[in-house]
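Q: Following this message is one structure expressed as structure tokens.
What follows draws every value from the coordinates through simple rules; no lab data is involved. In this text the structure is predicted, and so the values were computed from the model without any measurement. All Cβ positions, even for glycine, are placed from backbone atoms using ideal geometry, and neighbour counts span all protein chains on display.
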């Protein structure tokens, strides 16, 4: 508010929302269940959290995924 004005501000705040779409579909659920079973049976201590293959920058350590189809698949451990 200016010293020369006796009116309140017209706009003091607003919010803008943007929807960000994930670039890939989630990893095939059967693959996720299988890899978690392997982790449990072999008592692996890796800190795997979230989706195994997406986002690609956070691919689980030790996994390789196939990104050629709409349903992502774990192809090797």
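Q: Where does each of 26-38, 6-18 land if you order them by average Cβ count within 10 Å, highest first?
A: Highest-to-lowest ranking by the protection proxy: 26-38, 6-18.
Q: Rounded to the nearest 0.05, what FRET efficiency do residue 30 and residue 64 give with R0 = 25 Å and r taken as the Cβ-Cβ distance? Could you check? Before the final figure, lay out each step's value.
A: On the way: r = 17 Å, r/R0 = 0.67.
The pair residue 30/residue 64 has a calculated efficiency of 0.90.
Q: Separate question: Do you know the relative contact order of region 29-76, to the nearest whole percent, from alpha carbon pairs under 8 angstrom that are 6+ apart? Before the final figure, lay out the partial values.
A: Numbers: 32 pairs, mean separation 12.3, N = 48.
The value is 26 percent.
Q: I've got another one for you. By how many degrees, 0 to 90 and rounded to 10, does the Cα axis of helix 29-41 deviate from the longest principal axis of the chain?
A: 60 degrees
Q: Right, another one. What does the highest-first list of 55-62, 41-48 look like by mean Cβ count within 10 Å?
A: Details: 55-62: 11.8, 41-48: 9.2.
Final packing ranking: 55-62, 41-48.
Q: Give me the distance in nm between label points sitting 7 Å out from Cα along the Cα-to-Cβ direction at residue 5 and residue 71, one decimal.
A: 5.9 nm
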